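Participant: Handing you a structure now.
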Amino acid sequence: MSQTARLLASAAAFALFASTAMAADYDPPIYIEEAPEMVPVEIGSGWYLRGDVSYNFDDPLYDFEPFDTKNRRFGGGAGFGYHFSDNFRADLNIAYLGGDSADITIGADTFEASSSMWSGLVNGYFDVATIMGLTPYVGAGVGVTHLRQENIALELDDRQYNFAYALMAGASYKVTDNASIDLGYQFLHTPDAEYLNTDTFEIDRGIKQHLFKVGLRYDLW
C-alpha cells in the first residue's frame, strides 16, 4: 500500500472513531412535563345555615277563660340547607313553635295545664328571581311535630309525634355576599294531633298554625 493510501485510510479511521466517540458522548434532551395546575376545591360550596324567629298569629291552643292563661306566641328555629341551582334549594329545619300554660283555680285548689310544640321539617323552595337583591320565593315541606300536653290535676303527660306539612311564601334580601335576611309566612298543619278544646272540653283533632317568620341565611361559600 502506498504512503498516500495509508494516510487516507488512517484519516478515515480517525474520522470514524471521532464520530463514534461524539455519538457516545451526546445525551438526548430530557423533557419534563409540567405538573397539572392544582384547582382548589370549595369546601361547603352551595351549603347554607339558617336561623329564624317566628310568631304564631293563629288562635292559641289553650284559652281557659276566665282563668290565668299564658300564651307563648313566639318561637324559633335553626337548620342547614343546600342550593341545588340558582332557583332551587332545600333545608332541614328544627323549630320550637310556642305553647300555652294555664293556672286553673277552683275553690282552694289550683290546677296547672300546659302544652308545647316542636317541628322538624324538610323544606324545598323555588326562588323566583332576584331583582335589586330581593328574591321572592315559594315553598313546601313535610316532617313531624312533637306535641306535649301536661295536666297536673289529671296526672296527664301526653306526648305525640304526628305527620305535618307546611306551605311557605316570602322574600329574602341579600345584605352581603353571603348573608340574606328572610321574611316569610308559613302555614303548618298537623292533621292527626289531638288536643283538648277549651271551649267544649272535648278532644279535637288537627292543629293549624299561621306563622310569621324573620330569619337570617348564611351561605358557606
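Taken together, the values in this text are just the output of simple stated rules run on the coordinates, not laboratory data. Owing to the predicted nature of the structure, the values given are computational and were not obtained by experimental measurement. Using ideal geometry, Cβ is built from the backbone for each residue, glycine included, and neighbour counts are taken over all protein chains shown.
Participant: Report the full-extension gain for the segment L220 to R205: residue separation times 0.36 nm, less the Cα-Cα distance, to one decimal in nm. Spell out each step's value before the answer.
Facilitator: Working: separation 15, 0.36 × 15 = 5.40 nm, distance 4.12 nm.
Value of the extension gain: 1.3 nm.
Participant: Still on this structure: Given a Förster distance of 35 Å, report the FRET efficiency between R148 and V122 from their Cβ-Cβ distance, rounded to the nearest 0.05. Numbers along the way, then the final one.
Facilitator: Numbers: r = 22 Å, r/R0 = 0.63.
Efficiency, from the Cβ-Cβ distance: 0.95.
Participant: Next question, about the same structure. Could I have the simple spin-label model distance between I181 and I104, label points 7 Å from Cα toward Cβ, reported in nm to one decimal?
Facilitator: 4.3
Participant: Starting from one equal scatterer on each C-alpha and no solvent at all, send me the Debye-based log10 I(q)/I(0) for the range 81-221 at q = 0.18 Å⁻¹, two decimals.
Facilitator: Here the Debye-derived log intensity ratios amount to -1.00.
Participant: Using packing as a proxy for protection, rank 123-133, 51-61 so that the peptide with the highest average count of other Cβ atoms within 10 Å comes first.
Facilitator: 51-61, 123-133
Participant: Related question: By the scheme Lys and Arg +1, Asp and Glu -1, what is the net charge of all other residues having a beta-carbon under 11 Å from that of E194? Write out the running numbers ahead of the final one.
Facilitator: Values: positive: R205; negative: D158, D192, E202, D204.
Net charge around E194: -3.
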